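I have placed the structure first, in the form of structure tokens, so that the comments after it can refer back to it.
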Ligand code: GDP
């Protein structure tokens, strides 16, 4: 890395893509997240999966292991995948008025038995508005009458194993759903049927079951392959801090803290930061940069690790003075030595003026 003559390979400096899960209530967003987290979280080291603040981190090694049945001799160039833990926080793709949204890619979950539902369409509109890439998980395939399951199996092969009746029902429902997407102005198809020339024009559909794990290898591989293939620039690590506030929370011993996702750049203890406040911008200094202790449940109290600095992409808890009126969904700005504080305050507050439409869950 010290050799400045060597042209750095872009992949050496890619950050993890950030993914969120969206869709209508009861389509299986929470279950899908649990399923991709799998038992690995409890088993600890095995999967190398780490629980972060508001997010789960999947190292490339874990993804490689879980997708090996697909034999997709993929070179994983990104260090891993960061999945936001709060499905239903569709608002986060919407709230930011400046810069890019929080998520690089979304999983839009559709229940194969129900097709497109009102919040599916709301999610779609948010994704279009924010220009966010997404992959469709056509979930609950195990509910097709007569479906034969095999845990965590890749989906194409699994579909081929089904009886004629199951295949017919699957095809009928798939065709209906493709038509519904078409009515929303989108071309979609089973991901493995899409020809290379249509990629980028036609959205990927991955049939999944969050109960049996079928199709999950496909989903993981697509998320990683597609982001590292099409978003090299966006995923190239930069020093400019890009950071979004997920939640504002009181934590015993820390006062009011903010949970943030650091999308790009580095945060340091002591950094001067600006976040959007209810009435006025909040200017403060980072007192502590916290992450959960590995392998401890997030909700257990007093189990945070302190860091001098943290590099993107990660979910972090920040403790600082004066965060009581911080607004979730807004950006966090770092004041650098060259920066004009007033400009940054103005930038931070611009987000309040954004029309906010938060799709309500339930
Ligand atoms: P959310 O509201 O989108 O987060 O949906 P949940 O994850 O809470 O799931 C709603 C219901 O559907 C729960 O009862 C889940 O157990 C069930 N469910 C979710 N995914 C699947 C699936 O793939 N197959 C089946 N059979 N049930 C599922």
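Each row is one residue, and each column tells you yes or no for (1) surrounded by 15 or more Cβ atoms within 10 Å (Cβ to Cβ); (2) assigned to a strand (DSSP E or B); (3) at negative phi.
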| site | (1), (2), (3) |
| --- | --- |
| 223 | yes, no, yes |
| 226 | yes, no, yes |
| 259 | yes, yes, yes |
| 279 | no, no, yes |
| 284 | yes, yes, yes |
| 329 | yes, no, no |
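Comparison of 274, 261, 250 shows that the only residue that is within 17 Å of residue 344 (Cβ to Cβ), away from the ligand (no atom under 16 Å from the Cβ) and in contact with a strand residue (DSSP E or B) (Cβ under 6 Å, 6 or more places away or on another chain) is 274.
Of all positions in the stretch 49-66, none carries a residue that is farther than 17 Å from residue 103 by Cβ, at pLDDT below 85, away from the ligand (no atom under 16 Å from the Cβ) and in a helix (DSSP H, G or I). Filtering the stretch 111-161 to residues that are assigned to a loop (DSSP other than H, G, I, E, B), away from the ligand (no atom under 11 Å from the Cβ) and either within 23 Å of residue 222 (Cα to Cα) or touching a helix residue (DSSP H, G or I) at 6+ places or on another chain (Cβ under 6 Å) (or both) leaves 116, 131, 132, 146, 150, 151, 152, 153, 154, 161.
Assessment of the stretch 199-206 against the conditions (at pLDDT 95 or above and within 16 Å of the ligand (Cβ to nearest atom)) yields at least one matching residue.
Just the residues that are within 20 Å of residue 223 (Cβ to Cβ) and without any contact (Cβ under 8 Å) to a residue 24 or more places away in the chain, please, taken from the stretch 162-189. Within the stretch 162-189, 187, 189 meet the criteria. Taking the criterion of being modelled with pLDDT under 65 and out of contact with any strand residue (DSSP E or B) (no Cβ under 9 Å at 6 or more places or on another chain), the residues of the stretch 1-39 that qualify are 1, 2, 3, 4, 5, 6, 7, 8, 9, 11, 39. Of all residues in the stretch 225-241, those that are over 11 Å from residue 104 (Cβ atoms) and touching a strand residue (DSSP E or B) at 6+ places or on another chain (Cβ under 8 Å) total 7.
Scanning the stretch 231-252 turns up one or more residues that are part of a helix (DSSP H, G or I) and surrounded by fewer than 16 Cβ atoms within 10 Å (Cβ to Cβ). Restricting attention to the stretch 174-189, and to residues there that are crowded, with 19+ Cβ neighbours inside 10 Å and in contact with a helix residue (DSSP H, G or I) (Cβ under 9 Å, 6 or more places away or on another chain), which single residue is nearest to residue 118 (Cα to Cα)? Here the residue is 181.
The values are calculated or read from the model by the stated rules, or taken from the named source; none is laboratory data. Just so we're clear, the structure is a prediction, and the values are computed from it rather than from any experiment. Please note: Cβ atoms are built from the backbone with ideal geometry, for glycine as well, and neighbour counts cover all protein chains shown.
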